[in-house]
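J.: A single structure is presented below for examination.
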Amino acid sequence: MSLEHLYRQRFAGSAVLAARALQRFPGGATHDGRYADPFPLFMERASGPYKWDVDDNRMIDYWCGHGALLLGHGHPVIVAAIERQAPVSTHLGASHRLELEWADLIAKLIPAAERVRFTASGSEATTLALRIARAATGKTILIRFAGHFHGWHDALAPGADPDDPNRGVLPETLASLIILPADLDQVEATLAARNDVAAVILEPTGASYGSIPLPADFLPGLRDITNRYGVLLIADEVVTGFRVAPGGACARAGIQPDLVCLAKIVAGGLPGGALAGRADLLDLLAHDEHGPRGRIRQQG
C-alpha cells in the first residue's frame, strides 16, 4: 500500500472538504502555507500542543499558528482575555486604554521600541517600515537577503523564493530592490559603490525562518556597516520576536536596529502586528510632523 493511499485513507474527511474547497478557493487553499499535495488537512479543534482533524486524528502541532502561538492553543490566560473583551467591543474604532498598556509591554521587552505603531499583520509592518525608511532618508533602494521572508507585498516578496517568477510585480518595483546573499563583504561593497540605499532588511536568525542560520557575528557586523554608511537597519522579527529572547534576536545579539517588525505574536496569535523603533523615524507618522517632506499617512 502506497504512502499516498494510506494518507487518503486516514484523512478521508479532509479529502471530502478539499474537493469542496477547490470550488471556492484558488487551488483549494486560502494561504500558500496551507497548500498540500494531494490535499491539505482540515482541522477541527486544538488544545495546547495538539490539534485534531475532522477525522479526529490527534497530531502534535509543530506549526502552532505559524509560530505565533507561543503558549500553544487555547491557553487559559489568552482565552480569558478574549472572553473579557469580546462583550465590550472588538472594534471600537477609537483610541483605547488597553492600546497604551499593549504598547508599554512591547517597549518594556524590546530595547529598540521608542515608539510603536500597530498594524493588522506582519506584511503591513514591513510595508510601513519600508515607506518610513524611504521617507526618512530620501533614498529609494532597499537591500534584502535571498531566502528571507518579509511578507507577500510587491516591494519585498521578490527574493524570498528563488523559483518565484514575480509575476504581476512592476519592473520599476523590482529595480528598487537589491537581493544579496547573506555576506557582509557584499553588503559593504554594495554600499560603498552607491549612495541611494535607504535600508537593509533581514530576518535576524537567517533565511527560511532561521533554518538557514546566519553566522554569530553577522548581526553585529551588519549593524556596524549600516551605521558607517548611514543606512537604516530593519529587523523583521515577525518570526523571532519574543521567541529567540524576550527582546527578540537583535536583543540577544546585543544590537539595536532602527526599526523592528512584529506580527501575530503581539496579539496572542490573533490577527495583529506592530512596527517599533526609533522615535524620530516613527514620528514621521505624527500629525504635527511638518518637515520639508511632510508626514506619512497610514491607516491600519
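The values are calculated or read from the model by the stated rules, or taken from the named source; none is laboratory data. Bear in mind that the values here come from a model prediction, so they are computed numbers and not experimental data. Every residue, glycine as well, gets a Cβ built from its backbone with ideal geometry; the counts of neighbours run over all protein chains shown.
J.: Give the range 1-16 a look and list any residue that's free of Cβ contacts under 8 Å to residues at least 12 places away in the same chain and in a helix (DSSP H, G or I), or say none.
T.: Leu3, His5, Leu6, Gln9, Val16, listed by residue number.
Residue-by-condition table, conditions (1) under 16 Å from Asp32 (Cα atoms); (2) assigned to a loop (DSSP other than H, G, I, E, B); (3) within 15 Å of the chain's Cα centre (by Cα); (4) of a type outside the set (Gly, Ala, Ser):
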| residue | (1), (2), (3), (4) |
| --- | --- |
| Arg134 | no, no, no, yes |
| Lys139 | no, yes, no, yes |
| Arg144 | no, no, yes, yes |
| Ala157 | yes, yes, yes, no |
| Glu172 | no, no, no, yes |
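J.: Can you name every one of the strands (runs of 3 or more DSSP E) wholly within the range 17-109 that holds 2 or more residues which are surrounded by 13 or more Cβ atoms within 10 Å (Cβ to Cβ)?
T.: Passing ranges, in order: 43-47, 50-53.
J.: Could you check Ile255 against (1) assigned to a loop (DSSP other than H, G, I, E, B); (2) surrounded by fewer than 15 Cβ atoms within 10 Å (Cβ to Cβ); (3) modelled with pLDDT of 90 or more and say which number it fails?
T.: Answer for Ile255: the failing condition is (2).
J.: Would you check if Ile141 is free of Cβ contacts under 8 Å to residues at least 60 places away in the same chain, assigned by TED's automatic domain parsing to the domain that holds Ala249 and over 23 Å from Arg243 (Cα atoms)?
T.: yes
J.: Among the residues of the range 19-75, which ones are within 20 Å of the chain's Cα centre (by Cα) and at positive phi?
T.: Cys64, Gly65, His66, Gly67, Gly72
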